[in-house]
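Each remark here refers to the structure printed beneath this line.
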Amino acid sequence: MDDDVATYRRHADELTRYATVLVGPADAPDVVTDAVLAAFRTPGWRDVANPRAYLFRAVLHRAQSVRRSDARRTNRERRAALVEPVRDREPSVDAHRALSALSPQQRAVVFLTYWEDMTPAQIAELLDVGEGSVRKQLARARETLRSVLS
């Protein structure tokens, strides 16, 4: 138990920053808490070789789940009400819209690349995916951002 608390304290700030990029500041603390608690309850948790990487993956998976739930709720709300287009959007609204167009994995790769200054190899190790996958996700994210922002 004390080891779990120490692990959480050691990684809480970076996990929260990561979750903030994935789901936004309102949901980030809940995503981190849910992901970390689920990780700690996993039967093999004590045998995890790289707890930091495991927790980053757990946060990514929880963020994906939250985004799916949000998407379903948003679709229901759109069907229930007419949405008027917003004119004269501010740049921050456009940036938020652009980031929202990315998948959670693409957001993760963008965040780790540009905010955490990690290389594709480091990201691949952290997320337990191939380096080629990281490069492909980053390329797709850049393409989506260009398309949405142009």
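Each reported figure results from applying straightforward, stated rules to the coordinates on display, with no laboratory input. Just so it is clear, the structure is predicted and the values come from calculations on it, not from any experiment. Heads up, the Cβs are rebuilt from the backbone with ideal geometry, glycines too, and the neighbour counts pull from every protein chain shown.
A few comments on the model shown:
- Residue-averaged [θ]222 nm for the chain, counting only DSSP H segments that reach four residues, each worth -39500 (n - 2.57): -25500 deg cm²/dmol
- In nm, spacing of pseudo-spin labels at Leu37 and Arg97 (7 Å Cα→C-beta vector): 3.7 nm
- Figure legend: label point modelled 7 angstrom from the Cα of Arg52 along Cα→Cβ; residues of region 5-28 with amide N under 20 Å from it are 5-22.
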